[in-house]
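As structure tokens, the structure follows; a few thoughts come after it.
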Amino acid sequence: MATSQATKLILQSARKGFVQPKMLADQGVTREHFSRLVKKGVLERVHRGLFRLADAPITEHHELAVAGTAM
């Protein structure tokens with residue numbers, strides 16, 4: 001998959017909250033796409049296999065959301 005298309009899919013998903021590589025694997029998005037966006041400062045790794053937009057605000061329910069999504 002082209003990097004720009006993968007980036008678009010990742011960012012669309014991340015705008016809704018957290019995004020996991022397994023959510024987009026069937027669409028051809030690889031973990032390397034996520035790694036590139038983390039290196040560029042666009043995404044932040046919250047937990048193993050769990051990412052969010054780097055500039056997204058952290059709410060009072062952040063830890064609960066991380067725990068629920070990471071399961």
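Both numbers refer to the Cα atoms of region 8-55; Rg and Dmax are 9.3, 27 Å. Extension gain for K8-A25 works out to 4.7 nm (0.36 nm per residue, less the C-alpha to C-alpha distance).
Bear in mind that the values in this text are calculations on the coordinates, not laboratory data. Quick caveat: nothing in here was measured; it's all calculated off a predicted structure.
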